[in-house]
1. Sort 107-114, 32-39 by packing, meaning the average of other beta carbons within 10 Å per residue, with the highest value first.
2. Can you return the lysines within cross-link range of K20? Criterion is Cα-Cα under 23 Å, with same-chain partners fewer than 8 residues away left out.
3. Which whole-number percentage describes the relative contact order of the stretch 1-141, with Cα contacts under 8 Å and a sequence gap of 6 or more?
4. Heavy atoms only, probe 1.4 Å: what % of the accessible area of the chain goes to carbon and sulfur, would you let me know?
5. Under 20 Å from the Cα of K16, which aspartates and glutamates turn up, not counting those fewer than eight places away in the same chain?
6. So what's the back-of-envelope 222 nm ellipticity for the chain, counting only DSSP H runs of four-plus at -39500 (n - 2.57) apiece and dividing by all residues, rounded to 500?
7. Keeping every protein chain present and rolling a 1.4 Å probe, give me the accessible area per residue for the chain in Å².
8. Using a 10 angstrom cutoff on alpha carbons, build the Gaussian network for the chain and name the most mobile of N143, N91, N21.
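The values are calculated or read from the model by the stated rules, or taken from the named source; none is laboratory data. Small disclaimer: the values here were computed from a predicted structure and weren't measured. FYI the Cβ positions are ideal-geometry reconstructions off the backbone, even for glycines, and counts take in every protein chain you see. These accessible areas exclude ligands, DNA and RNA; they are computed on the full protein's heavy atoms, side chains included. Shrake-Rupley method; radii C 1.70, N 1.55, O 1.52, S 1.80 Å.
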Amino acid sequence: RKLAKLKELKQGYLQKMFPKNGSKFPQLRFAGFADAWEERQLLELTALFSGLTYSPKDIQKSGTLVLRSSNIQNNEIVDADNVFVNNDVVNSKNIQKNDVIVVVRNGSRQLIGKHALVKQEMKNTVIGAFMTGLRGSNGPFINTLLSTDLFKSEVHKSLGATINQITGKDFKLMKFFSPKTAEQNIIGQLFINIDQLIASNQRKLEKLQELKKGYLQKMFC
């Protein structure tokens with residue numbers, strides 16, 4: 001119940017802290033901020049970088065970690081079905097702290113737009129070809145923006161009848177209202193804190209479920 005309430009809290013803040021229906025002012029703001037938000041292209045706020053294309057023969061037990069859709073769960077980067085490739089084939093950018101990684105191509109359109117903030121340095125780690133990276137000084141804010149219904153609406157516009165992908169051109173056409181840097185930073189930090197609480201409670205719940213499963217197996221013949 002606590003986890004569900006935290007997720008509801010996050011959604012409530014997302015709806016109230018970003019302007020809706022063409023307004024230049026959000027419903028809820030931190031004290032000291034009163035300026036109108038400005039409509040800007042997404043790529044004025046951040047820059048794109050592409051993922052790595054590799055072949056099955058490049059995969060090995062260790063080397064450079066390639067983050068894919070399976071490595072993003074609940075808006076967090078996780079170890080899941082990890083793939084490593086030979087360092088010699090890597091010709092794409094290594095991810096950095098505060099990058100935002102986004103799923104841009106997938107067989108399931110529900111996964112398009114799934115994203116996560118890189119919260120710590122990850123050496124020898126890149127993103128796969130079906131991912132796109134967003135890099136700038138305001139990563140936490142961009143990650144928050146991508147959690148809003150505003151971004152989901154833009155993603156929906158980009159999806160065709162048969163093709164499930166967001167292209168660089170699609171990102172270029174996206175426009176959003178955004179505040180000045182100081183307000184971006186404080187909004188981004190708020191949602192980092194909320195996401196950490198959600199992740200912590202998610203892990204606690206999973207451990208309790210594993211504990212229950214273990215007891216059930218051991219206490220019944």
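1. Answer by packing, highest mean first, reads 107-114, 32-39.
2. Those lysines meeting the cut-off are K7, K10, K114, K152, K157, K172, K175, K180.
3. Rounded, it is 26 percent for the stretch 1-141.
4. The value for the chain is 51 percent carbon and sulfur by accessible area.
5. The qualifying aspartates and glutamates are E8, D35, E38, E39, D149, E154, E183, D195.
6. It comes out at -11500 deg cm²/dmol, rounded to the nearest 500.
7. Value for the chain: 60 Å² per residue.
8. N21
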